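Contents: one structure, followed by commentary.
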Amino acid sequence: MLDSVRSNQRLRRTTQAWFWEDMFDAVSDFVRSRSVWVVVGNAGTFLSALAGLVYYWSRPLSFAGCAVIQLACLACQAVAMIPVAWPGRAATPREVTGFSDLHQGLTVATVCGSWIFGVFPGAGLLIVFDVDVNSPPWAAELFAGTALMMACISSLITATAVSGRVWTQRREAARPPGASDWEDGGDSADVDWGGFDGD
């Protein structure tokens, strides 16, 4: 009974104009933000690896083709790193940290999801159907998963180093002119130099 009432309220909410206006505004803000590059880059990495799997499913691997697929995955991960490396001139240290966390979360989800829900189940199906381990399907699956994993790992390592440098630059830019680390550290400990009260 309560579930039907709740579902009716949700359906009624979707019929209101303000619901779609708010959703459109949220989607529009996300598309215009730098965060969308992280999503686009990780989606492109997955699609590049998937294209390599489909292409080499029925043909033997070639060095040139493997290099193209690997470079495509790396290029897509470079796109995903855009907000981490170039967060914008007005970005605050908190926004830089947010971009780094978003990139790390989506990239880890891409590589782990691909292996957990793609490579391992695919290998299980190949075993069930008794596919020869020396056949192109096995090589294609192993190559596609490895190319995606190597690109994501390289991106995570690079993003960790870059985000630390960018965060430091933004922190120094946000610091008032003339401030120093010594002055920042002294804020937490106020010392009274006025002497002692006499008896």
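Out of everything in region 123-143 that is over 22 Å from Ile69 (Cα atoms) and part of a helix (DSSP H, G or I), what residue ends up being least open to solvent (accessible area, probe 1.4 Å)?
Checked region 123-143; the qualifying residue least open to solvent (accessible area, probe 1.4 Å) is Leu126.
When the residues of region 144-153 are filtered to those that are buried (at least 16 other Cβ atoms within 10 Å of the Cβ) and within 14 Å of the chain's Cα centre (by Cα), which remaining residue is nearest to Ala49 (Cα to Cα)?
Leu148
Working carefully through the options Gly118, Gly98, find the one that is part of a helix (DSSP H, G or I), within 15 Å of Arg34 (Cα to Cα) and out of contact with any helix residue (DSSP H, G or I) (no Cβ under 6 Å at 6 or more places or on another chain).
Gly98
Within region 51-63, which residues are open to solvent by 70 Å² or more (accessible area, probe 1.4 Å), in a helix (DSSP H, G or I) and of a type outside the set (Val, Ile, Thr)?
In the first step, residues of region 51-63 are kept if they are open to solvent by 70 Å² or more (accessible area, probe 1.4 Å); the result is 54-55, 57-61, 63.
In the following step, the residues that additionally are in a helix (DSSP H, G or I) were identified as 54-55, 63.
The answer is Tyr55, Phe63.
Of the residues that make up region 66-88, is at least one more than 28 Å from Leu126 (Cα to Cα), aromatic (Phe, Trp, Tyr) and out of contact with any Pro (no Cβ under 6 Å at 6 or more places or on another chain)?
Taking every residue of region 66-88 in turn, at least one turns out to be more than 28 Å from Leu126 (Cα to Cα), aromatic (Phe, Trp, Tyr) and out of contact with any Pro (no Cβ under 6 Å at 6 or more places or on another chain).
Could you please find all residues in region 28-53 being touching a residue at least 24 places away in the same chain (Cβ under 8 Å) and farther than 19 Å from Leu106 by Cα?
Answer for region 28-53, where residues must be touching a residue at least 24 places away in the same chain (Cβ under 8 Å) and farther than 19 Å from Leu106 by Cα: Gly52, Leu53.
Would you mention how many residues in region 92-122 are surrounded by fewer than 17 Cβ atoms within 10 Å (Cβ to Cβ), over 17 Å from Ala147 (Cα atoms) and more than 17 Å from the chain's Cα centre (by Cα)?
2
The values are calculated or read from the model by the stated rules, or taken from the named source; none is laboratory data. Note that the structure is predicted; figures quoted are calculated from it, not measured. Virtual Cβ from ideal backbone geometry, glycine too; neighbours counted across all protein chains shown. For the accessible areas, the whole protein counts, side chains as well, though only heavy atoms, and no ligand, DNA or RNA atoms are used. Shrake-Rupley method; radii C 1.70, N 1.55, O 1.52, S 1.80 Å.
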